[in-house]
Every structure is written in structure tokens, then in C-alpha cells.
Amino acid sequence: MITFKNVSKRYPDGYVALNNVDLEVAAGEMVFLTGHSGAGKSTLLKLIAAIERPTSGMIAINEQNIAQLKLSALPYLRRKIGFIFQDHKLLFDRNVYENVLLPLQISHFDNKMIASRVRAALDKVGLLKKEKAMPITLSGGERQRLCIARAVVHRPSILIADEPTGNLDVEYARDIMAMFTSFNQVGVTVLIATHDASLLEDTRHRILSLKQGKLAA
Amino acid sequence: MISAWLTQHGFVFFHTLKRLIASPVTSLLSISVMGIALSLPTGVYVLMQNLQNLSGQAIHAPQMSLFLRTDMQSADVQQVEQRLERDVRILGHQFVSKETALQQLQQRSGFANVATSLERNPLPDAFILHLQNEGAESMRQLQAELQGWPEIEYVQFDSVWIERLDALLKLGRFSVLLLATILSIAIIAIMFNTIRLQILTKRDEIEISKLIGATDSFIRRPFLYFGAIQGLAGGATAWMIIAYALSAVNLELVELSNLYGIQLQMQFLILEDGISLLIFSTLLGWLGARLSVANHLWQIEPR
């Protein structure tokens, strides 16, 4: 599903974020990515969605080498992925419903299905009653859930979350983790980057640990 | 798939309209700037059309006067008449005998005394020819030809004013073209800048859309609609400005017409030209937006 071979990423300022990373994530797997901040977690996730391009190495998603993907093909890769951003990246001039609507508009979904899809996604994250609210009025946890609803509304096969429980209470964090587990149970490949060790205590999923740009065994 | 596509475009269209209405002052300002810019060449064009209409009535049936030599007999006159009848360039002719000409002269006030005091009729027989309008050049050629006939003393044809009018109309057409070109470039530039500012304020939206898989054409679409709708509104404004100006002029012309006892009315922009104006202005707005988007969108790459 997701394959990294000898992937390195060096930024123009000389900083090496990833150094010869080899990685294999099977379809339907749920994987955690840990490490200190600056260990390269975000970079690794961004490489999967081709938000960043590797300096060297090969990255394949569904056996498609994305390191050499043309700019015009990027949108179609990104539609297969639901990305939950560390900084949420919500549109503050649109309400909750319209924020979740955006991915469906982008991938030209049929109008009749759109409303029910959006509401189903909002229901899953418990924001159905707030569909008319503007993001600015939402709490941190609600914004995080809104971001999740937007990431899953178009039913991607890969779900990527960058620090999804960043500033949340333990209670909220567990809720959100439960959501990811339920997505994974219906077959979605889930990749979660977190530095929150408490989340990983009783997990039965694979944990990858990044240290200074290298994957530790 | 087609219905999804239509929904998509419908959504963008109404979304764009909403955005235009949401900032009415800015929208009205840029629409009226475009309207005024477009109304200049269109206005000159309408004036030209009117001038052409007016002169067309005169040019439509150009006349030429043929004066025979005074020593010609009626047999010669008949021969000339037959030859005139055979010429296809001459639609019709009217014979004015020297007697008729003298009578007409006598009837004209002020000349009565002069005419009666003459010992003999000094006036020649004449033909008035009604010609087909084939431009000043061919008419001058006909004039030269007729001048060559032995029976004919003098051919009078005032081609100078037709040529002047032709030249004037040509100049007019040229200035319409020149004005239209310059102001079109101005409109494209205005739209270019308007869209540039919009792209800057929509930076987040563009970045996020790219991150979740929007194609360039999806991102471009609202800006292109914005340009096209503003262009269309600008064209409609120009049409309105001209219609309003012409009806104001017509109101003044009524007074003038009454004084001179003639019918003088400015014709409005005809429907076909009006629609062309709208299509053209829509295209201009679209083009300005398209250039701006092409220039600025690639700078926004998500990180």
C-alpha cells in the first residue's frame, strides 16, 4: 500500500529531515509514528501526500511511484488520502457543513449524495448539531473533529493524521483515537503521528519510531 | 457525471454572484469603470452608424447631371437617351429640355426678371441620371466616359463630398478600432489586478483546496466566473449608458427637428451589436481573469 525505499529529504537550508528511510505499510493496517518533535514525523506524512517531494529514494502508493508524479496528477493522488493537519487548515469563512462539503465538491460528487455524505461524516464525529456553526465558535476538540470529518467524507483509502490529539484533554484524545480505530476496522489504512506516549500504552498496533530522520527498529 | 458537472458550475456561478453582491461598492465601482471604458468605443460606433444611415439616404441614389451642347438637335437628344437606357449603371434618367429649364428658372423667385429679359434661351438640354451607388471611384469613371461623348458639353457630378464622407467614415471606423483596442487592454489590466487581489485574500482557501485534491481548473473556476460576470455586467452598463445618452440626445433633436421641419432621430444600438458587445466584454473579463490566475496561482503551493 505505502512503500518507502531509501527515502531522504533534505531541505534547501541543509537540514536533513529524513535519512534513508525504508518503510512498508500494508493495506488496512493501522500504524503509529512516534518521535520527538523535529524527528521527521510531519515530513514523512507530507511525503505520502506529495505535499513535500523526496530528495532521493522511491515512494509508492498502491504501486504507483509518486516521487515522479506530474503536478497535474497530484490532485488525484490526494483524493485517495484523507489528511488531518496539525494546524487543522479549516476555512474560517465557511460554516461546518461547507467545510466538510469541500472535498466532495472538489471530486465532483453527485449532488443528491452530497448532503447525506456530509451529514454522515458529521454524525460520525458528533458535530451533526453544529453544521451551521462557524469554525471560529468551535472548541479545540470540535475543530479537530471537524478536520477529521472533512478528511473522511470522501471515503479515502488512506487516512493520515498529524498530531491529532495535540492539545486535547485525555478524555477527548481517547474519543478521537476510538474514531480512528473504527475507521481502520472498515478497512481504511491509518497512519498517525504522535508524540503522546500515553496513547500508545495499550495499543496492539505497530509503532514506528523516528529518531533524527531515521527509523528505529 | 454531467449533472455533477452542471451542479458544480451552477454552484460556482451563484457563489460568485453572492460574492459580488457581498461587496456591492467594490463590485459596482469596477463594473462602472468597465462600462464607461466600453461605452466610449461603442458610442463612437453608434454615432458612425447614424452618420452612415443619414448619408446613406443621400448616397443611396447619387445623381449626375448631363448638359448637352446647345447646338444639338432633338435627334441627337434621342440618340443620347437610347445610349443612356442601355447602360446598366444608370438606374433611370429624366430629360430636362432647355424650355423646361427656363420655365423653372423663371419660377424661381429672384430670377424671374433675369429670365424674361433674356433674348434667347441660353440654357442647354439636360439629363438627370439616377445612378447605382458603387462607390466614388466607379462613378468618376462613368463621369469621364460620358464626358467623352460628342453630344455632351459637360457632366456635373459632385463626387468630392462623397469621397470626403467615405474618408470620414473610414477614419471613424479606424478610431473605433483604436479606441476599442486601447480600452480592451485597459479592461484586461483592471480585471488582472482585481483578480490578483482576490487571489491574495483567498490564499488559504486555495492552499487548502490544493491540499485536499483540487485540480487547477477547479481552483481557477470561481475566478474565471468572477471575471466573466463582471465583464458581462460592464458590457450591459455600457449598453445602458449609450441608450440613456442617445435618448437624451433624441429629446434635444425633437426640438431641432421641429424647427427645421424634418425628421431627425438617433438610432439605438441594434440588438445584434448589443449582444456582440456583451459577448465581447464577457470574454475580456474572462481573459483578464485567466491571465491573472495563470500568473499568480502557481505561486501558491501548499507546504
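Of A:Pro135, A:Met30, A:Pro103, which is farthest towards the positive pole of chain A's charge dipole, taken about the Cα centre with +1 and -1 on the beta-carbons of Lys, Arg and Asp, Glu respectively?
It is A:Pro103, whose Cα lies furthest towards the positive end.
Quick one: if the Förster radius is 35 Å, what FRET efficiency do B:Ile185 and A:Ala73 give, using the C-beta to C-beta distance and rounding to 0.05?
0.45
Sorted from fewest to most neighbouring beta carbons within 10 Å, what does the list B:Glu301, A:Glu131 look like?
B:Glu301, A:Glu131
Counting only C-alpha contacts under 8 Å and six or more residues apart, can you give the relative contact order of chain A as a whole percent?
Relative contact order of chain A: 31 percent.
Rounding to the nearest 10 and keeping the result within 0 to 90°, find how far the Cα-based axis of helix A:111-124 lies from the longest principal axis of chain A.
Computed tilt is about 80 degrees.
Report the one residue of B:Ala75, B:Pro122, B:Ile279 whose Cα lies farthest in the direction of the positive end of the charge dipole of chain B (charges on C-beta: Lys and Arg +1, Asp and Glu -1; origin at the Cα centre).
About the Cα centre, the residue reaching furthest to the positive side is B:Ile279.
Give me the distance in nm between label points sitting 7 Å out from Cα along the Cα-to-Cβ direction at B:Gln267 and A:Glu63, one decimal.
My value for the distance between the label points is 7.1 nm.
Over 25 Å between C-alpha atoms is what I'm after, so list which of A:Lys41/B:Lys210; A:Lys80/B:Lys210; A:Lys41/B:Lys202; A:Lys46/A:Lys214 land there. Please list the in-between numbers first.
Working: A:Lys41/B:Lys210 21 Å; A:Lys80/B:Lys210 13 Å; A:Lys41/B:Lys202 29 Å; A:Lys46/A:Lys214 16 Å.
The answer is A:Lys41/B:Lys202.
FRET efficiency for B:Phe14 and A:Met134, Cβ-Cβ distance as r, R0 = 22 Å, nearest 0.05?
0.60
Let me check against my output: what whole-number percent is the relative contact order of chain B, with C-alpha pairs under 8 Å and at least 6 apart?
28
Rank the residues A:Val16, B:Val176, B:Val88, A:Val7 as a footprinting-exposure proxy: fewest other Cβ atoms within 10 Å of their Cβ go first.
Values: A:Val16 16, B:Val176 19, B:Val88 6, A:Val7 22.
Ranking A:Val16, B:Val176, B:Val88, A:Val7 by Cβ neighbours within 10 Å, fewest first, gives B:Val88, A:Val16, B:Val176, A:Val7.
Assigning unit charges at the beta carbon (Lys, Arg +1; Asp, Glu -1) and nothing else, what dipole magnitude in debye, to the nearest 20, does chain A show about its Cα centre?
Here the size comes out at about 600 debye.
Given axes a ≥ b ≥ c from the Cα gyration tensor, I'd like to know whether the stretch A:70-127 is rounded (a/c under 1.5), prolate (a/b larger than b/c) or oblate.
On the way: a/c = 1.87, a/b = 1.28, b/c = 1.46.
It is oblate, given that a/c is not under 1.5 and a/b is not larger than b/c.
D for the stretch B:218-303, whole µm²/s, Stokes-Einstein with Kirkwood Rh over alpha-carbon pairs at 20 °C and 1.002 mPa s: what number?
D, rounded to a whole number, is 138 µm²/s.
On C-alpha positions alone, give me the angle between the axis of helix B:160-201 and the longest principal axis of chain B, in degrees, nearest 10.
0
Have a look at B:Gln106, B:His9, B:Gly234 and report the one farthest towards the positive end of the charge dipole of chain B, computed about the Cα centre with Cβ charges (Lys/Arg +1, Asp/Glu -1).
Looking along the dipole axis, the top candidate is B:His9.
Roughly how big is the protein assembly as shown's charge dipole about its Cα centre, with Cβ charges of +1 (Lys, Arg) and -1 (Asp, Glu), in debye to the nearest 20?
Values: 49 positive and 46 negative charges, 622 e Å.
With only Lys, Arg, Asp and Glu charged at Cβ, the dipole is about 2980 debye.
Give the angle, between 0 and 90 degrees and rounded to the nearest 10, that separates the Cα long axis of helix B:216-260 from the longest principal axis of the Cα atoms of chain B.
Rounded to the nearest ten degrees, it is 30.
Whose amide H sits under 5 Å from the amide H of B:His93, counting only residues 5 or more places off or on another chain, with H placed in the peptide plane?
The list, which skips near neighbours in sequence, is B:His130.
So if R0 is 45 Å, what FRET efficiency would B:Val114 and B:Val249 give, r being the distance between their Cβ atoms, rounded to the nearest 0.05?
0.55
At 20 °C and a viscosity of 1.002 mPa s, what translational diffusion coefficient does Stokes-Einstein give for the stretch B:63-156, taking Rh as the Kirkwood radius over Cα pairs? Give it in µm²/s as a whole number. Mind showing how you got there, number by number?
Details: Rh = 14.3 Å.
For the chosen part, D equals 150 µm²/s.
How high is the relative contact order of the stretch A:95-142, in percent, with contacts defined as C-alpha pairs under 8 Å that are six or more residues apart?
55
What does the charge dipole of the stretch B:63-156 about its Cα centre add up to, to the nearest 20 debye, if the Cβ of each Lys and Arg holds +1 and the Cβ of each Asp and Glu holds -1?
Values: 8 positive and 13 negative charges, 46 e Å.
For this selection, approximately 220 debye.
Considering only DSSP beta bridges with both partners in the protein assembly as shown, what is the antiparallel share in %, to the nearest 5? All intermediate terms of the calculation are to be shown ahead of the outcome.
Values: 31 of 48 bridges.
Around 65 percent antiparallel, to the nearest 5.
Could you tell me how far the Cα centroid of the stretch A:99-167 sits from the Cα centroid of the stretch B:203-235, in Å?
Rounded to whole Å, the Cα centres lie 22 Å apart.
Computed from the coordinates by the stated procedures, all read-outs in this text should not be read as laboratory data. Remember, it's a predicted structure, so these values are computed and weren't measured experimentally. For neighbour counting, all protein chains shown are included, and Cβ atoms are generated from backbone atoms with ideal geometry for every residue, glycine included.
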